[in-house]
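What follows is one structure encoded as structure tokens, with my remarks underneath.
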Amino acid sequence: MRAIHPPHWLVRVLALSVVAVIAAGPAVAQADATLRIGVLKFGTVSWVMDVIQHHELDETYGVDIEEVQLASNQATLVALQAGRVDCVVSDWMWVSRQRAAGADWTFFPFSTALGALVAARGAPIHGLADLRNRRLGVAGSPLDKSWVIVQALAQEQHVDLARAARLSFGAPPLVNQELLAGRLDAVLTYWNFAAPLESRGLPEVLTVSDALRQLGFKTAIPLVGFVVSQRWARQHSQALAAFVNAVREADSILATSDAEWKWLGPRTGARSPAELNALRDAFRAGIPAHWGQDERREAGALYALFARVGGQTLVGSSPTLQPGTFLDTVNY
């Protein structure tokens, strides 16, 4: 197995160290349980799991990781609730809604990467106001978090996008295809689908991260993360700590090694070196650099925005973020 020697000047790597939950280092004692994680075969979580396996980080940190491949995000949530897996990747909005209904799921970050608004080549779209009477494709549903955030920013600019634009909702590959075929003027899509469009020279109009900053949020808030049962986390703290260590070392490798991305390339589905580089750069930008009280506090403020714009349909019965939504033993 080839060794990775990241450059010492990359401060980002230092920011990835896990501080609070992890006292264990390499060659720790055997983990107290297998961690079964539900993953999508071609999802970005599977890239990290591949790197862990490639470098035998599960053995290094003493955790037995069992991957359970599932067909959709909904299937991962069903598997988690049915007890088929111990861990999946989802968002803390879902966690909070479930906790309001009596469940004990809890969240810690996987990525701060968010989506982007990408225009068709040559389309006269340079801001949200330019979407009036334009054909806008939105990845996901009307309750997609990125769509809610962009709507909130548009409202501040006196634009009601839900009424002003000609909307189409659909799966990310479909809206990308419609944009490339000239049947849409712009798409709002997830980061790993925006990156291939940008690698083809299509212009990025606005990232969702920029939209959050314009709305007054100062920290990078991870919407997507690992979800486990709070009870399971308490009972298997050693396995969980080892898993977090393995994930963060895999992130460090992906943050610093271009060679690793060349090896990972076929697993990403990238169709060209430019597309792979765009995916690499977007993934790296989304590696959590910090997860502490500031990020948790702003997540609560973001929840309030979701409740205001999306209403009960989005947030459920709880007007505020539920206590325990974030696993308080994990800090970066």
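With θ set to phi - 60° and the Karplus curve 6.51 cos²θ - 1.76 cosθ + 1.60, what are the ³J(HN,Hα) couplings of the range 112-124 in order, to the nearest whole Hz, using x for Gly and Pro?
For the range 112-124, the Karplus curve yields 9, 5, 10, x, 8, 9, 10, 9, 5, 4, x, 6, x Hz.
I need the per residue convex hull volume for the chain, using only the alpha carbons, in cubic angstrom as a whole number.
Convex hull volume per residue, Cα atoms: 130 Å³.
Sequence-distant or interchain residues sharing an amide H contact under 5 Å with residue 105, placed H: which?
HN-HN under 5 Å from residue 105: 230.
When the convex hull of the C-alpha atoms of the range 69-143 is computed, what volume per residue in Å³ does it have?
Taking only Cα atoms, the range 69-143 has a hull volume of 154 Å³ per residue.
Just 227, 68, 208 to compare: in a GNM of the chain, with alpha carbon springs under 10 Å, which one fluctuates most?
68
Compute the separation of the alpha-carbon centres of the range 281-332 and the range 219-251 and state it in Å as a whole number.
Between the Cα centre of the range 281-332 and that of the range 219-251, the gap is 16 Å.
I want to check the label-to-label distance for residue 155 and residue 263. Put each point 7 Å from Cα in the C-beta direction and report it in nm to one decimal.
Once both label points are built, they end up 4.7 nm from each other.
GNM on the chain, C-alpha springs below 10 Å: top fluctuator among 113, 100, 181?
Highest fluctuation among the options: 181.
Search the structure for amide H atoms under 5 Å from the amide H of residue 138, placed 1.01 Å from N in the peptide plane, and list their residues when 5 or more places away or on another chain.
Close amide H contacts, sequence-distant or interchain: 168, 169, 170, 188.
Quick check: the angle from helix 293-315's long axis to the longest principal axis of the chain, C-alpha only, nearest 10 degrees?
50 degrees
Got a sec? How would 205, 150 order by Cβ neighbour count within 10 Å, fewest to most?
205, 150
State, to one decimal in nm, how far the label point of residue 183 lies from the label point of residue 313, with both points 7 Å from Cα in the Cβ direction.
Between residue 183 and residue 313, the label points sit 2.4 nm apart.
So how tilted is helix 145-156 from the main axis of the chain? Cα-based, degrees 0 to 90, rounded to 10.
That works out to roughly 40 degrees.
Using the count of nearby Cβ atoms within 10 Å as a rough guide to exposure, how do 332, 61 rank from fewest to most?
332, 61
Starting from the 7 Å offset along Cα-to-Cβ, what nm value, one decimal, do you get for the label separation of residue 230 and residue 56?
3.9 nm
Considering only DSSP beta bridges whose two residues both sit in the chain, what percent are antiparallel, to the nearest 5?
The antiparallel fraction comes to roughly 50 percent.
Which percent, nearest 5, of DSSP beta bridges in the range 119-216 are antiparallel?
Bridges in the range 119-216 that DSSP calls antiparallel: roughly 10 percent.
Given the options 232, 283, 192, identify the residue whose Cα lies farthest towards the positive end of the charge dipole of the chain (+1 on Cβ of Lys, Arg; -1 on Cβ of Asp, Glu).
It is 192.
State log₁₀ I(q)/I(0) for the range 162-287 at q = 0.20, 0.21 Å⁻¹ as given by the Debye formula over alpha-carbon point scatterers of equal weight, solvent excluded.
Log10 of I(q)/I(0), two decimals: -1.24, -1.28.
Quick one: helix 258-268 against the long Cα principal axis of the chain, what's the angle to the nearest 10°, folded into 0 to 90?
Computed tilt is about 70 degrees.
Sequence gap at least 6, Cα distance under 8 Å: using those rules, report the relative contact order of the chain to the nearest whole percent.
30 percent.
In the Gaussian network model of the chain, springs joining C-alpha atoms below 10 Å, which of 42, 243, 283 carries the largest mean-square fluctuation?
42
What Kirkwood hydrodynamic radius, in Å, does the range 116-214 give when the mean of 1/r is taken over all pairs of distinct Cα atoms and then inverted?
With all distinct Cα pairs of the range 116-214 included, I get 12.9 Å.
Near the amide H of residue 55, under 5 Å away, which other amide H atoms are found, from residues 5 or more places off or on another chain, if H is placed in the peptide plane?
none
Place a point 7 Å from Cα of residue 141 in the direction of its Cβ. Which residues in the range 74-94 have their backbone N less than 20 Å from it?
Of the residues in the range 74-94, 74-82, 88-94 have backbone N under 20 Å from the label point off residue 141.
Find the centroid of the Cα atoms in the range 132-168 and in the range 61-129, then give the distance between the two in whole Å.
So the two Cα centres are separated by 21 Å.
Name the residue from 158, 223, 53 whose Cα lies farthest towards the positive end of the charge dipole of the chain, charges +1 on Cβ of Lys and Arg and -1 on Cβ of Asp and Glu.
158
How would the range 236-277 be classified by its alpha-carbon gyration tensor: rounded, prolate or oblate, with rounded meaning a/c under 1.5 and the a/b versus b/c comparison settling the rest?
Taking the square roots of the gyration eigenvalues as a ≥ b ≥ c, the range 236-277 is prolate.
May I ask which residue of 136, 247, 304 lies farthest towards the positive end of the charge dipole of the chain, with charges of +1 (Lys, Arg) and -1 (Asp, Glu) on Cβ and the Cα centre as origin?
So the residue we want is 136.
Just rank 290, 55, fewest to most, by other beta-carbon atoms within 10 angstrom.
Ranking 290, 55 by Cβ neighbours within 10 Å, fewest first, gives 290, 55.
Readers should treat all values here as calculations from the given coordinates under stated rules, not as data from a laboratory. Keep in mind that what you see is a predicted model, and the values were worked out from it rather than measured. Because the Cβ atoms are built from the backbone with ideal geometry, glycine has one as well, and the counts that use them run over all protein chains shown.
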